[in-house]
Amino acid sequence: QIHFYRLYYIISKNSIGDKMKYTIIIDEQEKLPYSFSSPNISTKRLSLKTGDYTIEGHEGAFSLERKSLDDYTNSLLLERFYKELERLKAFQFKAVIVEGSLEQIRRREYSASIPSEEVLVRTSEIMIKYGIPVIFCGDRQHAIHLVEILTETYLNSLKVKKNVRKPRRTMQNKEDIL
């Protein structure tokens, strides 16, 4: 989980040139909303039908569901969590961000009555059945930083796509046109 975080940190430092300003929308039901350190990120509290964090202007394409480790392991036992995953899977980019580690799961450092092996099985099912990455960030601070990196990387990927041009047809491939 820390290696994944470092990978995104390296990607963000190398691929994000000019920093853009943008707004992260935080679900108004989020009890402990993230506070971001980047001066380029502002936040807004609104009601979100799916997820806890999205990017203004990309509400239908980008969604992150945040969970503490206790909340995540308890949610695995609730039908409403799987209904949330059904809605979440429709997004272009989606993820479940867990403020905890696989090591904490192995040591059963959570309150839910679900065995650690079952947590891993259900986590695998979420990733395979729903196509939703579940990212274990270790702790809250790493999760906040990862959300910053994911939002910036997502927005920069859209800038790159806009700048990609189709190759021009030349006289060499004239026969392809005729």
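Residues whose amide H falls under 5 Å from that of I55, counting only those 5 or more places apart or on a different chain, are I25, F62, with hydrogens built in the peptide plane. The stretch between D70 and V160 holds 28.6 nm of extra length on full extension. This uses 0.36 nm per residue minus the Cα-Cα distance. What the phi angles of segment 141-158 give under the Karplus curve with 6.51, -1.76 and 1.60, with θ = phi - 60°, is a coupling list of 4, 5, 5, 4, 5, 5, 4, 4, 5, 4, 5, 5, 5, 4, 5, 5, 5, 6 Hz, glycine and proline written as x. What is the list of residues in segment 33-49 whose amide nitrogen lies under 14 Å from a point 7 angstrom out from the Cα of R87, following Cα to Cβ? Inside the label zone: 46-49. The distance between label points at E56 and E117 comes to 4.9 nm (points 7 Å beyond Cα on the Cα→Cβ vector). Among the protein heavy atoms, those of H142 account for about 60 Å² of accessible surface (1.4 Å probe, every chain in place).
Please tell me the relative contact order of segment 20-107 in percent, rounded to the nearest whole number, where contacts are Cα pairs under 8 Å and at least six residues apart. Here the relative contact order equals 26 percent. A Förster radius of 22 Å, combined with the Cβ-Cβ distance separating E103 from L77, puts the computed FRET efficiency at roughly 0.55. At the residue level, R122 shows approximately 60 square angstrom of accessible surface with a 1.4 angstrom probe and all protein chains present. Taking amide hydrogens as placed 1.01 Å from N in the peptide plane, the amide H of G138 sits under 5 Å from those of G100, S101, each at least 5 positions away in sequence or on another chain.
Sorted on the mean count of surrounding Cβ atoms within 10 Å across their residues, most packed first, peptides 25-31, 94-100 read 94-100, 25-31. 3J(HN,Hα) along segment 79-94, derived from phi through the Karplus expression 6.51 cos²θ - 1.76 cosθ + 1.60 where θ = phi - 60°, amounts to 5, 5, 5, 6, 5, 4, 5, 4, 6, 5, 5, 6, 6, 4, 10, 8 Hz, with x in place of Gly and Pro.
The values are calculated or read from the model by the stated rules, or taken from the named source; none is laboratory data. All values reported here derive from a predicted model rather than from experimental measurement. Here Cβ is always computed from backbone atoms with ideal geometry, including for glycine, and neighbour counts include all displayed protein chains. Quick note on the areas: whole protein, heavy atoms, side chains included, nothing else; ligands and nucleic acids left out. Shrake-Rupley method; radii C 1.70, N 1.55, O 1.52, S 1.80 Å.
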